[in-house]
Amino acid sequence: MRSSAIGSVLRLAESPGIIPLAAGSPAQELFPNADVLEVTDRLLRNDPGALQYGDTAGLAQLREWIAARNSTRLGIGSLPERVTLTHGSQQALDLICKALIDPGDVIVVDRPSYIGALQVFRLFEADLAPFPLADDEQLDALSSALRGGLRPRLLYVVPDFANPTGATLSLLQRQRLAELADRYGFFIVEDDPYGELRYDTDDGGALPAIASLSDRVLRLESFSKVLFPAARLGQVTAPAELAPILGMFKQASDLGNSGFLERIVLELVTRPGFTEDRVNAARLLYTERRDALVAGLRRYFGDKLEFDVPGGGFFVWARFPGGPNADDLLTGALAHRVSYVPGTDFYAADPDRGTLRLSFSGAGTEELTEAARRLYQAWAEGQTGVAP
Ligand code: PMP
């Protein structure tokens, strides 16, 4: 196993004085501290079982709430028995591999793809087959590889505002993946932590979940981005035949999540309007932050840095068309007190070393403008060897 890029990135981003564009952490200003305080107080006073062991697949009422929401929000007719609560959606990836992956099994991943997923898949000694999934031509290449005998066990995809690219799959791309899964008998892991964090009101709205287009989908969601990551609460909605197996592995791994945190989350999300209000506040804040970073990068770099403006999520995925290598630039960037993640680790193979991931979620608008300036300084020094 390779050393954890995420761990070193998080440590880096936390160094004092560095503007943190590395970690994909949510804005602390959005955390519902007062609500958590009030609910915690009430639970501890009134619920004698608040600190007790619980159902290892997760608090029943929370799984019921998730199943009901799956059907109203996504059109997935799921029952609570199909839902397993996990220690963040990250643990769902681990449980899925425990249930389905033997060494040498093939997993199709995006190119580039979420580092944390690549890390788990490598731990289980899967063979990774990377294809850019939000790309029609590359989906043709995947189709022909399948026709030619490629037999993946899983395909892993972040359909909305992906980490790291910010890309979203079109309806046709979703339908094609669903058809391929049905035809060739693999499962799709649809990981959707960012779907609600959509910033452009004229983008035509949310597209169908892949889980509504095929029965061979394990759908992952997380409470980390819209609520708070210290809840370490995520969920996987699995096909009926797989859910008990995931539940068994969850039980064997840790006997279930913290029932106390599950109760706190349940109390919050079932308050009328609570989730909608949080999503709206998050959208407003992150739209401003995205726009500040994008404007700063354009102002300082012009056409020396290529990127698409993401319609949601936390990341701008950028590329230096004429160099430098983003791994090499990092030392200079840190010296100028700005962090980012070089793109290399997001590739299962053959990295494009000109790429980098810039996260706009965890810094204020003025800091983001300043971050773009600092990054430009580091870049310009790398070009000329002298300070601009
Ligand atoms: N999937 C993706 C695509 C992510 O970006 C993240 C968080 N960085 C996770 C899963 C894990 O989230 P958590 O475990 O906090 O739910």
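Quick note: the coordinates plus some simple rules give every number you see, no bench work behind them. Note that the structure is predicted; figures quoted are calculated from it, not measured. Cβ coordinates were reconstructed from backbone atoms using ideal geometry, including for glycine residues, and neighbour counts include every protein chain displayed.
Couple of notes before you dig in:
- For the range 33-270, share of DSSP beta bridges that run antiparallel, in % to the nearest 5: 40
- Among LEU169, LEU285, sorting on how many other beta-carbon atoms sit within 10 Å of each Cβ, with the fewest leading, yields LEU285, LEU169.
- Dipole orientation for the range 33-270: of the candidates GLY234, PRO130, ASN46, ASN46 has the Cα lying most toward the positive pole (charges on Cβ; Lys, Arg +1; Asp, Glu -1).
- For ALA129, distant residues with modelled amide H under 5 Å away: ILE107, VAL108, VAL109
- A crude spin-label estimate for the pair ASP55 and THR270, with each label 7 Å from Cα along the Cβ direction, gives 1.1 nm.
- Entry note, the chain: the mean residue ellipticity at 222 nm calculated from DSSP H runs of n ≥ 4, each adding -39500 (n - 2.57), is -14000 deg cm²/dmol after division by the residues and rounding to the nearest 500.
- Residues with amide H under 5 Å from that of VAL189, placed H, sequence gap 5 or more: LEU155, TYR156, VAL157, LEU218
- Between GLN28 and ASP328, the C-beta separation translates, for a Förster distance of 45 Å, into a calculated FRET efficiency of about 0.90.
- The range 244-387: relative contact order as a whole-number percent, Cα under 8 Å and 6+ apart: 25
- Rounded to the nearest 0.05, the FRET efficiency derived from the C-beta distance between GLU179 and ARG42 at R0 = 56 Å is 0.70.
- In this Cβ point-charge picture (+1 for Lys and Arg, -1 for Asp and Glu), the chain has a dipole of about 300 debye about its Cα centre.
- Of TYR300, TYR194, the sequence from fewest to most neighbouring Cβ atoms within 10 angstrom is TYR300, TYR194.
- Relative protection proxy for 146-152, 241-247, 134-140, 366-372, from highest mean packing down: 366-372, 241-247, 134-140, 146-152 (other beta-carbon atoms within 10 angstrom).
- Cα gyration tensor, the chain - rounded (a/c under 1.5), prolate or oblate: oblate
- In sequence order, calculated HN-Hα J values of the range 60-66 (Karplus, 6.51, -1.76, 1.60; Hz; x Gly/Pro): 4, 5, 6, 5, 5, 4, 5
- With neighbour counts taken as other beta-carbon atoms within 10 Å, the residues LYS250, LYS304 rank, fewest first, as LYS304, LYS250.
- Residues whose placed amide H lies under 5 Å from that of ILE19, excluding near-sequence neighbours: VAL338, SER339
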